[in-house]
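The values are calculated or read from the model by the stated rules, or taken from the named source; none is laboratory data. The shown structure was predicted, so the numbers you read here are calculated from the model rather than taken from an experiment. Here Cβ is always computed from backbone atoms with ideal geometry, including for glycine, and neighbour counts include all displayed protein chains. Surface accessibility is based on the protein's heavy atoms, side chains included, excluding ligands, DNA and RNA. Shrake-Rupley method; radii C 1.70, N 1.55, O 1.52, S 1.80 Å.
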Amino acid sequence: MTSPEPQSPAPQPPEPESKDRVYRSVPAIAGGVLLLAITGWLGIDAVISGEGRTPWLALAVLLLVVPLVAAFTLRPAVYAGDDRLRIRNPFRLVVVPWGQVASLRSSYSNEVLTESGAKYQLWAVPVSLRARKKAARREMRATAQARREMGRDEGRGSALGMRAGLDGGLGGDPVSEGPARAETDRIMDELRGLQEARHQAESARGEVTVRWAYEVLAPAVAGAVLVLILVAVG
């Protein structure tokens with residue numbers, strides 16, 4: 001009798017690639033859509049009902065304004081992957097491997113600093129001082145409420161009440177979840193955690209690359225030149 005041939009193991013399906021985390025400013029997108037709608041309405045009206053050079057001037061202004069509005073409101077985004085950080089700002093696309101990130105700094109703006117000393121602003125993650133103050137006030141109220149609960153529970157000597165005082169917070173939010181933080185500060189905390197986890201990874205090494213957004217700059221410059229020519233001629 002011949003022994004059966006050993007069966008080769010079935011090939012394992014490839015592991016799905018991890019998707020980048022995408023961070024964008026929702027208020028900026030909403031404002032950009034509104035501005036583009038108003039600009040388009042006024043520009044198209046001027047093209048249709050204008051006389052003389054007005055339609056041409058309106059087209060030139062649209063060619064100048066529309067790319068700039070889209071660049072500052074709709075375009076900014078931050079893509080955080082396992083190996084690199086991609087920063088899409090109004091006029092540049094910056095790719096920074098995690099191995100090149102020295103720190104992520106938050107003050108009046110959120111910035112990434114590289115090992116070479118370069119600094120790039122995160123336009124898609126704007127700092128809101130109002131949100132920070134609101135989060136700080138919420139945290140102070142939660143801490144005061146927790147202390148009052150702990151004091152009442154200690155006075156009663158109830159172990160169950162003490163546990164509720166330790167776990168409870170303002171509006172039922174548990175204190176163990178950590179201090180209240182503004183949304184953009186939480187995003188920066190996530191990016192710092194990813195940078196710390198991937199800074200030494202072999203696949204996270206490489207050079208910083210910067211590419212100018214010519215798809216934004218070219219039509220804006222062309223529109224500006226046309227506006228100047230039409231104004232000078234008229």
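Among the residues of the range 1-41, those identified as open to solvent by 100 Å² or more (accessible area, probe 1.4 Å), at pLDDT 90 or above and of a type in the set (A, V, I, L, M, F, W, C) are 26, 34, 41. Annotation: of all residues in the range 65-106 being at pLDDT 95 or above and part of a loop (DSSP other than H, G, I, E, B), the one that is nearest to residue 34 (Cα to Cα) is 74.
Go through 186, 211 for me and flag whichever is part of a strand (DSSP E or B), farther than 30 Å from residue 54 by Cβ and charged (D, E, K, R). Result: 211 is the single residue among 186, 211 that is part of a strand (DSSP E or B), farther than 30 Å from residue 54 by Cβ and charged (D, E, K, R). Looking across the range 21-63, the residues that are under 30 Å from residue 192 (Cβ atoms) and either assigned to a helix (DSSP H, G or I) or over 35 Å from the mean Cα position of the chain (by Cα) (or both) come down to 26, 27, 28, 29, 30, 31, 32.
If you go through the range 89-127 and pick out every residue that is of a type in the set (A, V, I, L, M, F, W, C), more than 26 Å from residue 215 (Cα to Cα) and either touching an Asp or Glu at 6+ places or on another chain (Cβ under 7 Å) or open to solvent by 50 Å² or more (accessible area, probe 1.4 Å) (or both), you end up with 2. Taken together, the residues in the range 46-63 that are open to solvent by 70 Å² or more (accessible area, probe 1.4 Å) and under 10 Å from residue 230 (Cβ atoms) amount to 3. Selection of first residues in the range 36-53 that are under 18 Å from residue 68 (Cα atoms) and of second residues that are open to solvent by 80 Å² or more (accessible area, probe 1.4 Å) and modelled with pLDDT under 90, restricted to Cβ pairs under 6 Å at least 6 apart or on distinct chains, gives an empty result.
Residue pairs whose Cβ atoms lie under 8 Å apart, separated by 6 or more positions or on different chains, with the first residue in the range 193-212 and touching a residue at least 24 places away in the same chain (Cβ under 8 Å) and the second open to solvent by 70 Å² or more (accessible area, probe 1.4 Å) and among the hydroxyl-bearing types (Ser, Thr, Tyr), are 208/116.
Assess whether residue 64 counts as being within 20 Å of residue 187 (Cα to Cα) and among the hydrophobic types (A, V, I, L, M, F, W, C). No: the conditions fail for residue 64.
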